[in-house]
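Asker: To start, I am sharing the structure in question, which I have written as structure tokens.
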Amino acid sequence: MTSQPAQHVASDEQLLRYSRQIFLPEIDVEGQNRLLNSSVVIFGMGGLGSPASIYLATSGVGELVLVDPDKVELSNLQRQIVHMNSALGQPKVDSAERTLKALNPDVCIRSRDQALPDDELDEVVRQSDVVVDGTDNFEARFAINAACVRIGKPLVSAAVVRMEGQVSVYRLDRSDAPCYGCLYRNIAEPPQNCAENGVLGSVAGLLGCIQATETIKVLLNFGEPLDGRLLLIDARTMEWQSVRLQKDPKCPVCGPPD
Ligand SMILES: [Zn+2]
């Protein structure tokens with residue numbers, strides 16, 4: 001990981017703090033040190049970004065970059081668990097920073113309380129090791145995917161509505177690997193959003209937790225992340241299925257230039 005010049009080595013206190021995951025052979029002290037030197041950008045501090053940021057912070061990811069232009073509203077609190085009632089009306093990134101620092105003072109937080117133009121988006125993505133997309137609109141999702149394709153960074157993307165969710169990892173490290181744009185190019189209907197359709201808070205939490213798990217797997221390169229697979233979850237039936245994603249050779253984002 002190259003984001004931070006000074007390599008951080010876990011202190012005795014940190015070895016104790018993270019001991020339950022350091023026991024895992026997939027992580028160990030070496031993996032913990034790598035987490036402490038990693039940087040993850042999270043777009044959207046809502047129903048997905050809240051649990052994702054909480055678990056990434058408590059796991060000891062060294063730096064979290066939070067991007068969200070919104071302020072905390074009363075209707076957010078049912079699922080956006082990084083925000084306390086006392087943060088109503090405050091910028092979400094400030095509210096999230098307070099909670100995350102209270103949970104784990106180790107974590108370094110940088111934040112942007114506005115939607116980013118493409119050049120700044122690229123810069124934020126370039127400085128991170130993994131990109132987590134927890135935004136709730138198509139336009140932001142496409143812009144984040146395009147930046148990840150341009151810069152060549154792994155994207156952990158999820159969406160949730162009602163009691164259904166989907167999550168995948170997009171990494172263009174193989175020539176046949178799809179991007180988020182490949183998935184939606186041929187789908188006529190854009191994804192639905194929570195404001196119009198409702199969402200169960202715990203289901204958003206489930207998807208955000210999967211994003212945090214996939215991010216740690218990608219950072220430490222273990223297991224089988226959801227590369228090229230879309231995990232579909234229906235919480236009403238608790239049916240989980242993963243479907244293979246195909247690269248679209250004509251994808252305007254990741255396909256060859258005309
Ligand atoms: Zn594509």
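Asker: For a test of the definition: using alpha carbon positions, the gyration tensor, and the 1.5 limit on a/c, classify the chain as rounded, prolate or oblate.
Answerer: Details: a/c = 1.43, a/b = 1.16, b/c = 1.23.
Because its axes are fairly even, with a/c under 1.5, the chain counts as rounded.
Asker: If you take every residue apart from Tyr180 with its C-beta less than 9 Å away from the C-beta of Tyr180, what net charge results, scoring Lys and Arg +1 and Asp and Glu -1?
Answerer: Numbers: positive: Arg141; negative: Asp133.
For residues surrounding Tyr180, the net value is 0.
Asker: The range 129-185: which trypsin sites (Lys or Arg not before Pro) are DSSP loop and have at most 16 other beta-carbon atoms within 10 angstrom? Intermediate values should be presented prior to the final figure.
Answerer: Details: sites: Arg141, Arg150, Arg162, Arg171, Arg174, Arg185; in loops: Arg171, Arg174.
Passing both the DSSP loop test and the Cβ count: Arg174.
Asker: Ignoring everything except DSSP H segments at least 4 long, calculate the 222 nm mean residue ellipticity for the chain; use -39,500 (n - 2.57) per segment, divide by total residues, nearest 500. The partial results should precede the final answer.
Answerer: Working: 10 runs with 94 residues, N = 258.
Taken over the chain, the calculation gives -10500 deg cm²/dmol.
Asker: Once you order the gyration tensor axes a ≥ b ≥ c over the Cα atoms, which shape class does the range 164-258 get: rounded for a/c under 1.5, otherwise prolate or oblate by comparing a/b with b/c? Present the calculation step by step, with values, prior to reporting the outcome.
Answerer: Working: a/c = 2.24, a/b = 1.29, b/c = 1.73.
Oblate shape, in that a/c is at least 1.5 and b/c is the bigger or equal ratio.
Asker: Just going by the charge dipole of the chain, with Lys and Arg at +1 and Asp and Glu at -1 on Cβ, which of Leu219, Ser202, Ala147 is farthest out on the positive end?
Answerer: Of Leu219, Ser202, Ala147, it is Ser202.
Asker: Using the Karplus curve 6.51 cos²θ - 1.76 cosθ + 1.60 with θ = phi - 60°, work out ³J(HN,Hα) for each residue of the range 110-126 in order, rounded to whole Hz, and write x for Gly and Pro.
Answerer: 10, 9, 10, 9, 8, 5, 9, x, 3, 5, 6, 4, 4, 5, 5, 5, 4
Asker: Can you list the residues, at least 5 places off or on another chain, whose amide H is less than 5 Å from the amide H of Ser242, using H built in the peptide plane?
Answerer: Under 5 Å from the amide H of Ser242 lie the amide H atoms of Leu232, each far enough along the sequence or on another chain.
Asker: Give the shape of the range 1-83 as rounded, prolate or oblate, defined through the alpha-carbon gyration tensor: a ≥ b ≥ c are the square roots of its eigenvalues, a/c under 1.5 means rounded, and otherwise the shape is prolate if a/b is larger than b/c and oblate if not. Mind dumping the intermediate values first?
Answerer: Values: a/c = 3.07, a/b = 1.88, b/c = 1.64.
It is prolate, given that a/c is not under 1.5 and a/b is the larger ratio.
Asker: In whole Hz, with x marking every Gly and Pro, tabulate ³J(HN,Hα) for the range 15-30 from phi via Karplus 6.51 cos²θ - 1.76 cosθ + 1.60, θ = phi - 60°.
Answerer: 4, 6, 4, 9, 4, 5, 8, 5, 4, 6, x, 5, 10, 6, 5, 4
Asker: What residues qualify as long-range amide H neighbours of Gln90, i.e. H under 5 Å apart, gap of 5 or more or another chain, H built at 1.01 Å from N?
Answerer: Val72
Asker: Can you give the charge dipole size of the range 1-127 about its Cα centre, rounded to the nearest 20 debye, using +1 on the beta carbon of Lys and Arg and -1 on the beta carbon of Asp and Glu?
Answerer: Numbers: 11 positive and 18 negative charges, 87 e Å.
That gives a dipole near 420 debye.
Asker: Oh, and also: Could you give me the ³J(HN,Hα) list for the range 52-63, computed from phi with Karplus coefficients 6.51, -1.76, 1.60 and θ = phi - 60°, whole Hz, x at Gly and Pro?
Answerer: Each residue's phi maps through the Karplus curve to give 4, 5, 4, 6, 5, 5, 5, 7, x, 4, x, 9 Hz.
Here, each number is a calculation from the coordinates, and none is a lab measurement. Note that the structure is predicted; figures quoted are calculated from it, not measured. Backbone-built Cβ (ideal geometry, glycine too); neighbour counts: all protein chains shown.
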